[in-house]
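Before any comments, here is the structure.
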Amino acid sequence: MKKKFIAMFVCTALMVCTSVSAQDIYKTAANVPMVQLNNGVLMPQFGLGTFLQPSDAVCEQSCLTALKAGYRHFDTAHAYNDEAGVGRAVKASGIPREEIWITSKLWPTEYGEGKTMEAIDKMLERMQLDYIDLLYVHQPVGDFVGAWRDMEKAVAMGKVRALGISNFDASDEVFRTIMDSSRVKPAVLQIECHPYAQRPDIREKVKPYGIHITSWFPLGGAMSNGALLQDPTIREIADAHGKTAAQVILRWHIQEGFSVIPGASNPDYIKENIQIFDFELNEDEMRTMRSLNKNKRFFNVSLEEKERTYLKIQMKD
């Protein structure tokens with residue numbers, strides 16, 4: 001009865017006052033805010049990224065640890081080879097499927113009309129799911145237009161709830177191509193984003209379309225060698241709040257309006273990362289964090305290199 005009341009309240013709030021943000025009307029069990037995508041769907045703003053999990057089995061345990069800690073959003077991909085682990089964890093948790101947000105991504109070798117629909121069905125089989133909440137084209141190479149047509153069909157069939165583009169900051173051309181070719185517009189763009197690369201140009205580019213940004217490498221990633229975590233300015237702010245540098249960075253992402261999917265397999269880090277909803281950065285601290293922008297990305301692979309290599313990598317079913 002309580003769940004029905006909450007659902008009715010959410011729907012009424014959306015219809016009566018569209019100016020009220022999703023964060024004001026609904027949060028997950030761990031107090032994680034929801035963001036409302038441009039198709040009206042609500043997505044938890046914080047989740048666990050499963051990139052570089054040591055194995056599919058470890059991924060399953062990471063997801064179970066995360067679910068117990070209050071996570072309700074998981075970001076995986078066919079290329080990560082751990083989708084099955086995510087699906088097993090969701091099933092084993094006993095938490096209703098509709099309370100968990102699952103994101104995955106198609107690899108370029110799966111792009112193309114007919115081919116992509118088959119890949120989506122195989123993805124659902126791997127994760128033992130009836131639907132995927134958010135589905136991305138993972139990289140802007142190959143026949144992503146053909147893939148998008150099948151993805152739109154999957155939305156109409158109820159197999160997918162929202163569509164996204166990952167790494168389509170690679171060039172103006174690939175972004176214009178997907179926008180001009182799509183009937184169902186992208187709801188989310190996933191890009192490298194963190195205090196050293198705050199991506200103001202990309203944020204302005206997607207704003208007219210209502211496209212939400214999700215940050216990968218939100219803490220800088222392994223390639224950064226911990227640069228952000230060791231930044232003296234960030235550590236000073238962290239000390240002031242009795243928090244870690246990682247928690248301050250993740251809190252900055254949330255307050256900037258990004259969704260954020262930090263990856264971790266260490267149970268302590270998984271639990272630590274979500275403990276960011278019991279404090280806020282003040283305006284001076286937010287200005288200080290914004291001043292750290294250097295337009296410095298840590299993953300630098302050109303679009304040309306992606307075209308040469310990614311189309312040759314075949315994914316296992």
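Computed quantities for the displayed model
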read-out	value
Residue within region 109-129 that is among the small types (Gly, Ala, Ser), more than 30 Å from residue 231 (Cα to Cα) and open to solvent by 40 Å² or more (accessible area, probe 1.4 Å) present	yes
Residue in region 233-248 that is in a helix (DSSP H, G or I) and more than 22 Å from residue 287 (Cα to Cα) present	no
Cross-chain or 6+ apart pairs with Cβ under 9 Å, region 68-92 first and on the phi > 0 side of the Ramachandran plot, then among the hydroxyl-bearing types (Ser, Thr, Tyr) and open to solvent by 10 Å² or more (accessible area, probe 1.4 Å)	70/28; 81/55
Some residue of region 253-268 being within 13 Å of residue 46 (Cβ to Cβ), out of contact with any helix residue (DSSP H, G or I) (no Cβ under 9 Å at 6 or more places or on another chain) and in a helix (DSSP H, G or I)	yes
Condition met for residue 220 (open to solvent by 10 Å² or more (accessible area, probe 1.4 Å), in a loop (DSSP other than H, G, I, E, B) and small (Gly, Ala, Ser))	no
Any chance residue 226 is at pLDDT 95 or above, surrounded by fewer than 16 Cβ atoms within 10 Å (Cβ to Cβ) and at positive phi	no
Residue check for residue 279: touching a His at 6+ places or on another chain (Cβ under 6 Å), assigned to a loop (DSSP other than H, G, I, E, B) and touching a residue at least 12 places away in the same chain (Cβ under 8 Å)	yes
In region 130-151, residue farthest from residue 186 (Cα to Cα) [restricted to those that are of a type in the set (Asp, Glu) and open to solvent by 10 Å² or more (accessible area, probe 1.4 Å)]	130
Top-ranked residue of region 284-300 - restricted to ones that are aliphatic (A, V, I, L, M) and either in a helix (DSSP H, G or I) or modelled with pLDDT under 90 (or both), ranked as nearest to residue 217 (Cα to Cα)	289
Complete set of residues in region 231-276 that are small (Gly, Ala, Ser) and either buried (at least 18 other Cβ atoms within 10 Å of the Cβ) or under 18 Å from residue 49 (Cβ atoms) (or both)	238, 245, 246, 259, 263, 264, 265
Condition check for residue 303: modelled with pLDDT of 95 or more, open to solvent by less than 50 Å² (accessible area, probe 1.4 Å) and in contact with a helix residue (DSSP H, G or I) (Cβ under 9 Å, 6 or more places away or on another chain)	no
Residue ID - most open to solvent (accessible area, probe 1.4 Å), chosen from residues in region 67-94 that are over 15 Å from residue 316 (Cβ atoms) and of a type in the set (Ser, Thr, Tyr)	93
Of all residues in region 95-108 being more than 26 Å from residue 314 (Cβ to Cβ) and β-branched (Val, Ile, Thr), the one that is most open to solvent (accessible area, probe 1.4 Å)	95
Every residue from region 36-66 that is aliphatic (A, V, I, L, M) and buried (at least 21 other Cβ atoms within 10 Å of the Cβ)	37, 43, 48, 66
Elements of type strands (runs of 3 or more DSSP E) contained in region 76-187, each with 3 or more residues being closer than 16 Å to residue 41 by Cα and in contact with an Asp or Glu (Cβ under 8 Å, 6 or more places away or on another chain)	101-106, 160-166
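The values are calculated or read from the model by the stated rules, or taken from the named source; none is laboratory data. Since we're looking at a predicted model, the values are computed, not measured. A quick note on method: Cβ atoms are made from the backbone with ideal geometry, for glycine too, and the neighbour counts reach across all protein chains shown. What goes into the accessible areas is simple: the full protein's heavy atoms, side chains included, and nothing from ligands, DNA or RNA. Shrake-Rupley method; radii C 1.70, N 1.55, O 1.52, S 1.80 Å.
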